[in-house]
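Colleague: Please find one structure pasted underneath; my questions will follow.
Derivation of every value follows stated rules applied to the coordinates shown; laboratory data play no part. These figures come from a predicted structure and were not determined experimentally. Here the Cβ is made from the backbone with ideal geometry for all residues, glycine too, and neighbour counts use every protein chain on show.
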């Protein structure tokens, strides 16, 4: 019997990987390359990459990421993907000519996916099928309800052809396509599973042309409904593969455990794939060249030629040049505001349901028998900040679990932050492990991270998201709790039906900007042993333990200002005695003096905004301040060069002039302009 396939679909819009909902709302997940590589490393049966954007030129918006695709086009991006992707690649989206097909085949496509021209230019499809072979042409047909009737729609689900399911399948078959991908517009991003009427219509069509069903699948039951349909040869999904650790592998394993055996096994640890990014020496040398005296930015790059009209959210202060991948709906609202609005509209009934869902997940894990050590139910990753306090409060007192507190100490605590950290053990009655790496190594990583990526706190971002999983593996604790999902909170990266969990892809792409522990080995004499703290557990270990890493912010109402007041009152949490220079809040980032200071100043250098914009945008959304008030604060505070810079410069033995010279390399030419007389100017202000 021919094995059926489980196929991830990767959606690209203007160069970014996106989450799609009803072909209408698009939330940026990040860069496509890390996700495609991760799926390839898991030995996916096939990967379908669909370009759903209208721009011919891609812009990944970030020049400080190791995996940055930069400004490119679709074919060049596919060529880069083909360098590391070992599974079959189907490439589609906006293809209307043989020239485009030829270009993508040459770039590395195994099959071409076509949509609108199936109905608008069928003779062209016939010719392509004869020229390249039917097996190389996949028809992608999107169905939407017209009343109670499912009909095929083209042009991104905007134009109704009036052709019903059976007729559409027969038409695609008649023009010579070798396979048909069928998607449901209404089920796209819904997490409700495949459309039952669509599944029934496919079965009744009983075509011998292979059919892939797509849209809405997130659970094993969803995939099984498709796999058990005799007329379907493959099941596909998109959003679900972005969310969790080992997502593709776990879905396949769960399908096999259900008793359905007609699929290939998928296991981590292939000897042909290296999970960590491979860095060529020439790239490392180019990145580190900035530290050489006399190495300055290129003035031509900042002539204004690359400057773009920046779009601002009509409610908060975020823009299209945001450090977090930002997208907007048709009304001009950013996805961060839209996601916050959705959460705010949730009532007690909805949040009770989410809480019960979380409790059910926890009970299943804790009763599975996988744990070898039963002293602790879970780990709470804590820094000693207000969110850490609230996480621990919720886990201990609301969920009634016995947590182990785990902390990564990056050696940057404020005095108040340090006192808050050590108060947690007594305040909550919890055991607490604090991992403190060598200060000598930390100083090197501060300096090297700044030079390579303009982020002296790489060690902390990656250290935090590595330490808790490492302890979990050592102690065989299968649950880790985190607070709010940063990117979902800032830029609305996920919807309320997604339930994202912390995972290797997220840690490496977003927290680490694509740089992993091995990038630093050999620089300034750093050895592999010295980087052990930053080595994430292997996929095989994670799979054996069945580690789950929950973000509480996706299950409970999350209002930082309210939480802060509660933690001060209930647990004697201390806020800063002195106001910060770059933000008006006094309860944030006490665990790292540089997060509000020099680290955030570097964000301003790169993207033209800082922590005050972040905090003001959150407070505008919650109604604590007006947009006018937030804008005034941001314009005053975002540009301030902080005093803690002097501490950091002494810490890493660097002069301020050297710091400024290196930092200038990271300015975004979309935001900054250079002139010999006036120096740096930032255009496109609100």
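Colleague: Given the chain, what percent of its DSSP beta bridges are antiparallel, to the nearest 5?
Modeller: 35
Colleague: Can you give me the distance in nm between label points at residue 106 and residue 578, each placed 7 Å from the Cα along the Cα-to-Cβ direction?
Modeller: Those two pseudo-labels are separated by 6.2 nm.
Colleague: Using a 7 Å offset from the Cα along the Cα-to-Cβ direction at both residue 298 and residue 148, what is the distance between the two label points in nm, to one decimal?
Modeller: 6.3
Colleague: For residue 540 and residue 397, calculate 0.36 nm times their separation in residues minus their Cα-Cα distance, and state this gained length in nm to one decimal.
Modeller: So the chain would gain 48.1 nm between residue 540 and residue 397.
Colleague: To the nearest 10 degrees, how steep is helix 247-257 against the longest Cα principal axis of the chain, on a 0 to 90 scale?
Modeller: 50
Colleague: Going by average Cβ density within 10 Å per residue, which order do the peptides 155-167, 79-91 take, highest to lowest?
Modeller: 79-91, 155-167
Colleague: By how many degrees, 0 to 90 and rounded to 10, does the Cα axis of helix 196-205 deviate from the longest principal axis of the chain?
Modeller: 30
Colleague: Counting other C-beta atoms within 10 Å, which of 47, 29 has the fewest, and how do the rest follow?
Modeller: Ranking 47, 29 by Cβ neighbours within 10 Å, fewest first, gives 47, 29.
Colleague: Further question on the same structure: Round to the nearest 10 and give me the degree value, 0 to 90, for the angle of helix 348-366's Cα axis relative to the longest principal axis of the chain.
Modeller: 90
Colleague: Now for a separate question. How high is the FRET efficiency between residue 286 and residue 411 when r is their beta carbon distance and R₀ equals 30 Å, given to the nearest 0.05?
Modeller: The computed FRET efficiency comes out at 0.55.
Colleague: Can you compute the FRET efficiency between residue 121 and residue 264 using 1/(1 + (r/R0)^6), with r the Cβ-Cβ distance and R0 = 45 Å? Round to the nearest 0.05.
Modeller: My answer for the efficiency is 0.80.
Colleague: Set the Förster radius R0 to 45 Å, insert the Cβ-Cβ distance between residue 682 and residue 207 as r into 1/(1 + (r/R0)^6), and round the FRET efficiency to 0.05.
Modeller: FRET efficiency, residue 682 to residue 207: 0.20.
Colleague: Can you give me the Cα centroid spacing of segment 203-241 and segment 248-265 in angstrom?
Modeller: 14
Colleague: So between residue 200 and residue 366, what do we pick up on full extension, going 0.36 nm a residue minus the alpha carbon distance?
Modeller: 55.9 nm
Colleague: Starting from the Cα-Cα distance between residue 329 and residue 474, subtract it from 0.36 nm times their residue separation and give me the gain in nm to one decimal.
Modeller: Extra length from residue 329 to residue 474 when fully extended: 47.7 nm.
Colleague: Provide 383, 319, 303 in ascending order of the number of other Cβ atoms located within 10 Å of each residue's Cβ, fewest first.
Modeller: 303, 319, 383
Colleague: If you don't mind, there's one more thing I want to ask. Which percent, nearest 5, of DSSP beta bridges in segment 309-655 are antiparallel?
Modeller: Percent antiparallel among DSSP bridges in segment 309-655 is about 15.
Colleague: Roughly what would the spin-label model give for residue 309 and residue 344, points 7 Å off Cα along C-beta, in nm?
Modeller: 2.8
Colleague: Could you list 153, 680 so that the one with the fewest beta carbons within 10 Å of its beta carbon is first and the one with the most is last?
Modeller: Final ranking by Cβ density, sparse to dense: 680, 153.
Colleague: Rounded to the nearest 5, what % of DSSP beta bridges with both residues in segment 5-257 are antiparallel?
Modeller: The answer is about 40 percent antiparallel.
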